Amino acid sequence: MLENIRYFFRRAIRNMQQWPLLCSAAILTMAVALATVATFFLVVVNVEQLAANWTREIQVIAYLEDAPTARELPGLFAKLENFPEVEKVKYISPSDAMARFKSRLADEASLLEGVDRNLLPASFELMLKAKFRNQDGIDRVIERLDNTINVEDLRYGQKWLERFNTFVGMLRFISLILGSFLIFAALFIVSNTIKLTLYARRDELEIMALVGATMRFIKIPFLLEGALQGLLGGVVSLGFLAISFHLLIKRSLTSFWLTPTDLNLLFMTPGQQLMLVIAGVMLGILGSLTSLRRFVRF
Amino acid sequence: MIQLFNVTKSYGGESAAVKDLTIQIPKGDFVYVTGASGAGKTTFLRMLYAAEKPTKGQILVNNQNITRIRSSQIPYLRRKIGVVFQDFKLLQSRTVYENVAFALEAQGKKRYEVSKKVYQALKEVGLEHRLQRKPLELSGGEQQRIAIARALVVDPLILLADEPSGNLDMEVTLDIMELFKKANARGTTVLLATHDHSLHQRFPRRVITLEKGKLITDQQSHHS
């Protein structure tokens, strides 16, 4: 058994050395296919992250007609915090609001001298739980607010955020379709490249069958070869992605387009990197398997 | 050893490649299969190692009915049969040693066993000094001897040769005939398809003659 495994590996590596050009063609094809799919994946992941970052800021601000008294406040707090959609409640008293306004005016703060400290209305800022950060969640919170307190005015997440969410949903859908299409295309190309390498070796396959090699014995070295090529293809695509991500995209995007604090671009997690390499191995095996069926027959 | 009963093989055309053949070949026999090209010699041999299935009739090889053989069993049948072709069918990218070792490796033989047997087989055909050469660096006669070494290295019960001397001159052909005779003397049944009549005049043995797929003569020779 061990002898056989060693033989299969020797044969697979020998084959790859014997046809370096075909072998590198297969590896490169797989690397390009995998890198394309992975790039797509990275775009989706980062856009989703962006969406998550932006929606984190969705909050409902309720301006109150009358500032609640110190005795009413804890009761109101408790009520608002009990809303199932709400994550955090913050109370801004009129003086807090004035202080904030002042700090925003900075040098011009003197303009506010002599102005009544209670001029600005008191307000509650309601942060929503992640799954309610959408139009529906906002609508429900507004309805609850109307039934709970005397609200003078409401401010909440802008309309465009809703549209952005729709866009992300669509992107996810398109990426699923395009991604599976890409994977099939990759499989097709890889299988054809491998078919080419098998075609170049059809004599060998014929002679093996002639001298009494079993189907398994003929196929395993080729499957192993496909797996090894897939492995290399996966590693090459990973290396390519890592280098282009760190050297080009991350550096240029963060310095030119977005402020670094605004967005930290995500790369694949170690688990996802492993998945990419495993996907390469699977691609290689599957590609060999589909083409072997055409060439090895008794 | 080899028995054919009313074997017919047609490829769907009007005339069959092999028609109603009934032949018995006992173990250790040496048989020439002759006839003009297109007479059905190659089809006859191909059916014996299950590269073709007969359309009608039954074939028994070593008491196994190979007309009903499952494809997973074909490799095990072929391990008992060595085949030699007119075009040698060697792997040009492999060395002489690797070409012969291939047959043993395909049967899953151990590495030390392989090297010993390959050396012996190459010595048998007089090419043990060419181990590391590639086939194309050798003459046609030498290439055919490698092919014969590959066929014989597995100690086959049957050796099938399809026009083995078709591309070779007479002197080389005589060398190769010696190899077949030696294998036959060790007990291997030899079937040699050829259209070269001089061979069986020089080395008289049983001759089966085919014409348009039919058996027309089956002459036993009286060699000693």
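The values are calculated or read from the model by the stated rules, or taken from the named source; none is laboratory data. Model, not experiment: these values are computed from the prediction. No Cβ is skipped: glycine too gets one built from the backbone with ideal geometry, and neighbour counts run over all protein chains shown.
Data for the structure
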read-out	value
Qualifying residue in the range A:239-251 (condition: modelled with pLDDT under 90, buried (at least 16 other Cβ atoms within 10 Å of the Cβ) and of a type in the set (Val, Ile, Thr))	yes
Residues located in the range A:67-89, provided they are surrounded by 11 or more Cβ atoms within 10 Å (Cβ to Cβ) and charged (D, E, K, R)	A:GLU72, A:LYS79, A:GLU81, A:GLU85, A:GLU87, A:LYS88
Count of the range B:61-87 residues which are of a type in the set (Lys, Arg), within 13 Å of chain A (Cβ to nearest Cβ) and either in contact with a Ser or Thr (Cβ under 8 Å, 6 or more places away or on another chain) or free of Cβ contacts under 8 Å to residues at least 24 places away in the same chain (or both)	1
Residue that is nearest to the other protein chains (Cβ to nearest Cβ) [pool: residues in the range B:33-52 that are assigned to a loop (DSSP other than H, G, I, E, B) and over 19 Å from A:ALA213 (Cα atoms)]	B:GLY40
Candidates B:LEU168, B:LEU91, B:LEU104, filtered to the one that is of a type outside the set (Gly, Ala, Ser), in a helix (DSSP H, G or I) and either away from chain A (no Cβ under 13 Å) or free of Cβ contacts under 8 Å to residues at least 60 places away in the same chain (or both)	B:LEU104
Filter result (under 41 Å from the mean Cα position of the chain (by Cα) and among the aliphatic types (A, V, I, L, M)) within the range A:100-128	A:LEU105, A:ALA106, A:ALA122, A:LEU126, A:MET127, A:LEU128
Pairs with Cβ under 6 Å, 6+ apart, first in the range A:56-74 and in the same structural domain as A:GLY137 (by TED's automatic domain parsing), second in a loop (DSSP other than H, G, I, E, B) and among the polar types (S, T, N, Q)	A:GLU65/A:ASN150
Residue that is touching a helix residue (DSSP H, G or I) at 6+ places or on another chain (Cβ under 9 Å), among the hydrophobic types (A, V, I, L, M, F, W, C) and in a strand (DSSP E or B), where the choices are A:VAL60, A:VAL37, A:VAL32, A:VAL44	A:VAL60
Total residues in the range B:125-165, condition part of a helix (DSSP H, G or I), under 30 Å from B:LEU60 (Cα atoms) and among the small types (Gly, Ala, Ser)	3
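Residues are listed down the side, and each one gets a yes or a no for (1) over 37 Å from the mean Cα position of the chain (by Cα); (2) over 30 Å from A:ALA185 (Cα atoms):
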| position | (1), (2) |
| --- | --- |
| A:CYS23 | no, no |
| A:VAL37 | no, no |
| A:PHE41 | no, no |
| A:VAL45 | no, no |
| A:ILE58 | no, yes |
| A:LEU64 | yes, yes |
| A:MET98 | yes, yes |
